[in-house]
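Worksheet: the structure to be examined is printed underneath.
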Amino acid sequence: MVSRFSRRQWLHCLSIGAAASRTGHAQEACANPPAERFQGKIGRTAAESEPAPLEVRAARAGSPNVVYILLDDTGFSDLHCYGSEIATPHMDALAAGGLLFNNFHTKAICSPTRAALLTGRNSHAVGMKELAGADQGYPHSRGRVTPAAANVAQILWANGYSTYGVGKWHLVPAADMKAGGARTHWPLQKGFDRWYGFLSGWTDQYIPDLFEDNHTIARPERAGYHFSVDIVDQAVRMLDEHRAADANKPFFLYVAFGATHAPIQVPKPYIERYASTYQKGWDAIRRERYERQLSLGVIPAGTKLAARNPGDPAWTDLSAEERAVNARFMAAYAGFLEHTDEQVGRVVAYLKAQGMFENTAIFLMSDNGGAPEAGTKGGFRRPYGDPTTAAEMFTHLDEMGSPTTQPLYPRPWAWVSNTPFPFYKLWPHAGGVQTPFVFSWPKEVKKSGLRRQFVDVIDITPTVLDLAGLAAPGVFAGVCQIPMQGKSIRETFADPESLDPRDRQYYELWGSRGIWHRGWKAVGIHTPGTSFESDHWALYHVAADFAETEDVAAKHPEKLEELKKLWWAEAARNGALPLLEAPAGRRGTYNQALPPVGR
């Protein structure tokens, strides 16, 4: 349980945390918490003393189990229930029996989204401006999550839950991802009873780098192995052990797939199911997804389809050889996602078999849009900076997705992944930040269907605390806490017409910026090496232009200036300053994703 303080001390800590959140100096403000107060009496002997009341970690009766399922680099349109041609029946079933959100937003890249998801705060406020470990010397860019932002696992554990995690972590500095590294930011030190998976941003799906609890383990070099299958096996094993110890105790399970992040690796039969599907090319597939989205009602009637992104070729511009290669890239991706869907189905099937599904709240989402980092050519032998030519890829096409390749599809397929939006992962446009989000909780959700409310990833953990009947702590483990910046979305469960939980949300990554406020969105794209003052800003009335297709900045200059001013205020309040460009070591990869815009 959270340490006991007097009411005056607790209010003092809370005020410090709130001020820190506004100024962006949470780490400094919380570095000196008030001393803990012993609640008993200490005399010279036991006869003269009184012990403190015993701390009992017990969840409220009837508290739901909680499962986060996080996909990686899976775009808005990739699930079948969001308009895709890819078979995802298990995820579709969760949506059909629960809620499908079409206005859910992330932080455009993995580590910041994960930090925001787990803590319920904006990524800059907790020290994760960009990728883990990339410490640039400011509070917002330490590359690790501050102890002033206890995460959902820590809070639930302190209140009677068991906590388990499998898959991808990516919230620990690279220097600590080794046997002799510091464990401060490993999962077990961040609230998890058990952990199985990898700590970095990506790993090979056939021979991954693996960590179990607080130690490294050998790579599983055996025939037929796949990481996605393995982590679900491990999750089931953890839950079996949990049930054997105390079947009535609620649990939190975090399943963070490496899929569908590069390398796109999956057994060949899954790829062959889509061998002919993508021969028509990315322009036709994107159009088909868009039309299916309109038919399903996933996007509002009248939504326009965003045009091809600058620098991306039309399918008809490719040679026959290039078309064959690019069709195979997407077939591998589709097979990878279908394979992942089967693993999600295994988690659900286990919960149902054990009678736990009815009272388990499942949050299924992706961390950002489709990945553009391989540029227009794609990566074959390795995802990034791969020199393999299209001719060489064509010669070895049967190896796509096998243990001998580590593919990442060409950038135009990321554009398809993000239908109907413009751009991709890393961008503050919808293609980078607007992703699928499905919620299932049979015990409470009695009116399934589409939800249109604006929801950000920071709203998920406050929702979980609401479901569990818990308040966010003002102090945790002796450290003053930054107040939760997200809001519970529980009202949307029963009321499709409930209000948005918040009226604004800012975005920032490597100097590019965005802000949504009451149906309007402004986006400022920064080109590395140029001044921030010269950034091109666009304005969209997203309440009427869902897919950000019409820049109305020239028509509404006063609205654009209002939002730009609001961005600076939100950035200061959330500790998102100073603006910083992508580090030199990642400029090449970033530029692959950043064709010229607005110049």
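Each reported figure results from applying straightforward, stated rules to the coordinates on display, with no laboratory input. This structure is a prediction, so every number in the text was calculated from the model and none was measured. So basically every Cβ, Gly included, is an ideal-geometry build from the backbone, and we count neighbours across all protein chains shown.
Beta bridges assigned by DSSP with both partners in the chain are antiparallel in approximately 55 percent of cases.
The listed peptides 345-351, 306-312, 444-450, ordered by packing as a protection proxy, come out as 345-351, 306-312, 444-450 (highest mean of other Cβ atoms within 10 Å first). The listed peptides 44-55, 112-123, 371-382, ordered by packing as a protection proxy, come out as 112-123, 371-382, 44-55 (highest mean of other Cβ atoms within 10 Å first).
For the stretch 384-473, dividing the convex hull volume of the Cα atoms by the residue count gives 216 Å³ per residue. Our summary gives the chain a relative contact order of 22 percent, counting only alpha carbon pairs under 8 angstrom and 6 or more residues apart. FRET efficiency for the pair D495 and A544, taken as 1/(1 + (r/R0)^6) with r the Cβ-Cβ distance and R0 = 22 Å, rounds to 0.45. Shown is the FRET efficiency for R308 and H536, computed with R0 = 22 Å from the Cβ-Cβ distance and rounded to the nearest 0.05: 0.75.
For the stretch 293-426, the spread of Cα positions along the three principal axes, ordered from largest to smallest, is 53, 43, 25 Å.
Find the relative contact order for the stretch 419-563 and round it to a whole percent, using C-alpha pairs within less than 8 Å whose residues are 6+ positions apart. Don't skip to the end; give the middle numbers.
Details: 202 pairs, mean separation 28.2, N = 145.
Computed value for the stretch 419-563: 19 percent relative contact order.
The mean sequence distance of close C-alpha pairs (under 8 Å, at least 6 residues apart), as a share of the length of the stretch 377-470, puts its relative contact order at 17 percent.
By the Cα gyration tensor, the chain has an equivalent ellipsoid whose semi-axes, rounded to whole angstrom, run 38, 28, 23 from largest to smallest.
Rounded to the nearest Å, what's the spacing between the alpha carbon centres of the stretch 519-559 and the stretch 349-417? Just the number, please. If we compute the Cα centre of each part, the gap is 30 Å. Evaluated with a Cβ-only charge set (Lys, Arg +1; Asp, Glu -1), the stretch 232-336 carries a dipole of roughly 260 debye about its Cα centre, given to the nearest 20. Multiplying the residue separation of R381 and A554 by 0.36 nm and subtracting their alpha-carbon distance yields 57.7 nm. Taking a point 7 Å out from the Cα of A353 in the direction of its Cβ, the residues of the stretch 240-278 whose backbone N falls within less than 12 Å of it are 240.
The Kirkwood radius of the stretch 106-223, taken over pairs of alpha-carbon atoms, gives through the Stokes-Einstein law at 20 °C and 1.002 mPa s a diffusion coefficient of 148 µm² s⁻¹. Inter-label distance, E288 to E392: 3.2 nm, where each label sits 7 Å from its Cα along the C-beta direction.
Extent of the stretch 470-575 along its three principal axes (Cα atoms, max minus min coordinate, largest first): 47, 38, 21 Å. For the residue pairs K304/K565; K129/K521; K304/K425; K178/K249; K352/K446; K377/K425, the C-alpha atoms sit more than 26 angstrom apart in K304/K565; K178/K249. Taking every alpha-carbon pair in the stretch 61-161 and binning the separations at 10 Å intervals from zero gives 13, 34, 31, 19, 2 percent. For the listed peptides 72-85, 528-541, a ranking on the average number of other beta carbons within 10 Å per residue, highest first, reads 72-85, 528-541.
Here the spin labels are modelled as points 7 Å beyond Cα on the Cα-Cβ line, and at L579 and K447 they lie 4.3 nm apart.
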